[in-house]
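Asks: Pasting a structure here, questions to come.
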Amino acid sequence: MRTRHFISIAAVALALALSGVSLGAQTRTPTPHRDPRIPTERSGRNYPGRDMGYPRRPVNLAPRDFYWGLDIGMTISRIKSDDEFFDARKVYNGMYVGLYGATPIYPGFPLCLQSGLYFIQKGGQQRYGDVSFNLNYIEVPALIRYRGIFDYGSIQPYAGFYFAEGVGGKVRDYAVSRAYSPFRDGYFRRFDSGLRVGCAMQFAFIYLEAGYDLGFVNIGYDDFNYTRNRTAFLNIGFSF
C-alpha cells in the first residue's frame with residue numbers, strides 16, 4: 001500500500017512539475033528586439049514615410065497631400081540699373097507677407113510643387129540719397145521645394161521663378177520735397193519676373209526661411225539702359 005501510495009504521489013508531482021514547466025515557458029517567452037530609435041504606433045498619430053527610414057518624424061514634415069501656410073518677414077532690396085538716376089545701390093527694407101500652398105509630386109516623396117500669393121516691397125535709394133524708390137508688388141512664385149527630413153525637423157532648399165505686378169509705392173525726390181507714383185507717373189513698368197532661390201529650416205509647424213529674387217525683366221522704360229530688381233528676404237513661416 002505504501003508503495004502504491006508513493007507511486008501515486010510521485011505521478012501527481014511529476015504531472016504538476018511538467019505543467020509548471022510548460023506554463024513557465026509560456027510566461028517567459030522573449031519579446032522580439034525593437035530599435036528604441038524608431039517610434040511605436042501612437043493613437044491618433046500617423047508617421048508618414050516611416051518605410052523610408054526616417055525616425056521620429058513629425059507628422060507635417062513629409063506630407064502626403066496638399067498643405068498650406070503663412071509667411072511673414074522683411075525684404076532687403078536694391079535696384080540695379082545702367083541709368084545713374086535709377087541705380088539705387090543703397091538698400092531699402094520692406095515688408096514680405098503672403099499665403100502659400102504646396103503638394104507633393106508623389107505622396108511621401110520629398111519633392112513638392114509650391115505657389116502662393118504675396119505682398120512684397122522692393123526698392124532702393126540713390127547713392128547720395130537724393131531719390132528713394134519704394135515699389136510694392138503682388139507676387140506669385142512657382143517653385144520646386146525639397147523637404148529633406150532629419151530626426152527633429154526638415155531642411156528645405158527650393159528654386160523656381162516669380163511673377164510680379166506693381167500695385168503701388170512712392171518715388172521720393174528729397175531735392176524738391178515731392179513724392180510720385182512709381183508706376184502711374186512713368187518711372188517703372190509694372191511687370192517683373194525672375195529667378196527665386198532659397199532655403200528653409202522647419203521644426204514642427206514653424207520654420208525660418210531666407211531667399212533671394214533675381215530680377216530678369218527690365219522694369220525701366222528705357223530699352224537701352226536695363227533696370228532690374230535685386231531682393232533678399234527673411235521670414236518666419238507656419239505650415240498647416
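The values are calculated or read from the model by the stated rules, or taken from the named source; none is laboratory data. Remember, predicted model here, so these are calculated numbers, not experimental data. All Cβ positions, even for glycine, are placed from backbone atoms using ideal geometry, and neighbour counts span all protein chains on display.
Asks: Against the condition part of a strand (DSSP E or B) and crowded, with 18+ Cβ neighbours inside 10 Å, how does G169 come out, does it pass?
Replies: In short, yes.
Asks: Still on this structure, I have one more. Any idea which of I138, I79, I149, I144 is surrounded by 18 or more Cβ atoms within 10 Å (Cβ to Cβ), at pLDDT 95 or above and assigned to a strand (DSSP E or B)?
Replies: The conditions single out I79.
Asks: Looking at (1) over 20 Å from F188 (Cα atoms); (2) without any contact (Cβ under 8 Å) to a residue 40 or more places away in the chain, which one does P110 not meet, given that it meets all the others?
Replies: Failed condition: (2).
Asks: Pairs only if they're at least six apart or on different chains, beta carbon under 7 angstrom, first in the range 219-230 and closer than 20 Å to N134 by Cβ, second assigned to a strand (DSSP E or B) and small (G, A, S); list them, first residue then second.
Replies: Note: pairs meeting the criteria are G220/S81; T227/S81; R228/G215; N229/S77; N229/G215; R230/S77; R230/G215.
Asks: Which residues, taken from the range 188-231, are over 22 Å from the mean Cα position of the chain (by Cα) and of a type in the set (F, W, Y)?
Replies: F188, F191, F216, Y221, F224, Y226 - these are the residues of the range 188-231 that are over 22 Å from the mean Cα position of the chain (by Cα) and of a type in the set (F, W, Y).
Asks: Within the range 152-162, can you find the residues that are closer than 17 Å to Y212 by Cβ and buried (at least 20 other Cβ atoms within 10 Å of the Cβ)?
Replies: Within the range 152-162, Q156, Y158, Y162 qualify.
Asks: Out of (1) of a type outside the set (S, T, Y); (2) loosely packed, with under 13 Cβ neighbours inside 10 Å; (3) within 33 Å of the chain's Cα centre (by Cα), the odd one out for R184 is which?
Replies: Among (1) of a type outside the set (S, T, Y); (2) loosely packed, with under 13 Cβ neighbours inside 10 Å; (3) within 33 Å of the chain's Cα centre (by Cα), R184 violates only (3).
Asks: Among the listed residues D222, D192, which satisfies the condition of being of a type in the set (D, E) and at pLDDT 95 or above?
Replies: D192
Asks: So, in the range 203-218, of the ones that are assigned to a loop (DSSP other than H, G, I, E, B) and without any contact (Cβ under 8 Å) to a residue 60 or more places away in the chain, which residue ends up surrounded by the most Cβ atoms within 10 Å (Cβ to Cβ)?
Replies: In this case the residue turns out to be N218.
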